[in-house]
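The values are calculated or read from the model by the stated rules, or taken from the named source; none is laboratory data. Predicted, not measured: the structure shown is a model, and the values here were computed from it. So basically every Cβ, Gly included, is an ideal-geometry build from the backbone, and we count neighbours across all protein chains shown. Quick note on the areas: whole protein, heavy atoms, side chains included, nothing else; ligands and nucleic acids left out. Shrake-Rupley method; radii C 1.70, N 1.55, O 1.52, S 1.80 Å.
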Amino acid sequence: LYSDYTATLQGYNRIIKQKNFQLKNINKKESIDYWNDQLIDYSYKLITMRLKSLVQIEAQTKEFIKPIFSDFYESLNIGYSYHGIPLESFSEATYKQTLKRILNDVFNKEKELGFSIVGAHRDDFFLSIKNKELKRFLSRGINRSLSFFLRLAQIEIISKKTGEQSTLLLDDPFAEID
């Protein structure tokens, strides 16, 4: 959805690769701090783009599921989990300060493991209804159905933005559908 997302993600991945190399081979806090500063900046850019995209995807998904899941479509929410910072207090300063503190706290563990355990590469999104995560209380079939509608929402948004139609390839789409 964002023209600079791919370049930002590629830059972020290069940073993670360099940091992991440093963690495996050099283990000097100063060199890790340099890569952590880069990681923090790129993580913030990625998360900001992801959060904006999820708002659009959530709205489009609700439109798709409205006729099928009329009981709960309005309360469907797409959440984003990252580093324990609540969305209500999400700001650039809060995010960067918190991530810096977390990265400092996990330095010894990362050094021991030889790879980065905190950053945008560890983030995830989840679906919830009335603050309950769907994968915990709905059947796998319904979860797969909702995943399908999420993918359709992404395609619809991209098609509207680019003016081009997309093709969705499915492998056994009715497996585990209730």
Tilt of helix 29-65 relative to the longest C-alpha principal axis of the chain, in degrees (0 to 90, nearest 10)? 10 degrees
Given 0.36 nm per residue, what is the gain on full extension from residue 9 to residue 131 after removing their alpha carbon distance, in nm? 41.0 nm
What's the angle, to the nearest 10 degrees (0 to 90), between helix 140-162's Cα axis and the longest principal axis of the chain? 80 degrees
Just 168, 23, 134 to compare: in a GNM of the chain, with alpha carbon springs under 10 Å, which one fluctuates most? 168
Once Lys and Arg are counted +1 and Asp and Glu -1 for all other residues with Cβ under 13 Å from that of residue 48, the total becomes 0
Scan the stretch 91-152 for trypsin sites (Lys or Arg not before Pro) in coil per DSSP, keeping those whose Cβ has at most 15 other Cβ atoms within 10 Å, and list them by number. 130
Whether the chain is rounded, prolate or oblate, judged on the alpha carbon gyration tensor where a/c under 1.5 counts as rounded: prolate
When the accessible area of the chain is split by element with a 1.4 Å probe, what percent falls to carbon and sulfur? 51 percent
Relative to the present Cα-Cα distance, how much length would full extension add between residue 97 and residue 28 at 0.36 nm per residue of separation? 22.7 nm
Longer than 23 Å from Cα to Cα, which of 132/161; 62/96; 96/160; 45/161; 109/132; 45/135 are they? Say none if no pair is. 132/161; 62/96; 96/160; 109/132; 45/135
Enumerate the aspartates and glutamates that residue 24 could reach by cross-link, defined here as Cα to Cα under 19 Å, with residues fewer than 8 away along the same chain left out. 33, 37, 105, 110, 112
Would you mind calculating the relative contact order of the chain from Cα pairs under 8 angstrom and at least 6 residues apart, reporting the percent as a whole number? 28 percent
Specify the angular offset, from 0 to 90 degrees and rounded to the nearest 10, of the alpha carbon long axis of helix 5-25 from the longest principal axis of the alpha carbons in the chain. 40 degrees
Over the stretch 17-93, what relative contact order in percent results from Cα pairs under 8 Å that are six or more residues apart? 21 percent
With every protein chain kept in place and ligands, DNA and RNA left out, what is the accessible area per residue of the chain? Probe 1.4 Å, answer in Å². 62 Å²
Given 25 °C and 0.890 mPa s, how large is the Stokes-Einstein diffusion coefficient of the stretch 10-57 in µm²/s, with Rh as the Kirkwood radius over Cα pairs? 211 µm²/s
For a Förster distance of 45 Å, can you work out the FRET efficiency between the beta-carbons of residue 37 and residue 170, rounded to the nearest 0.05? 0.60
With residue 35 itself left out, Lys, Arg at +1 and Asp, Glu at -1 over residues whose Cβ is under 14 Å from its Cβ give +3
The chain: calculated mean residue ellipticity at 222 nm from DSSP helix runs of at least 4, using -39500 (n - 2.57): -20000 deg cm²/dmol
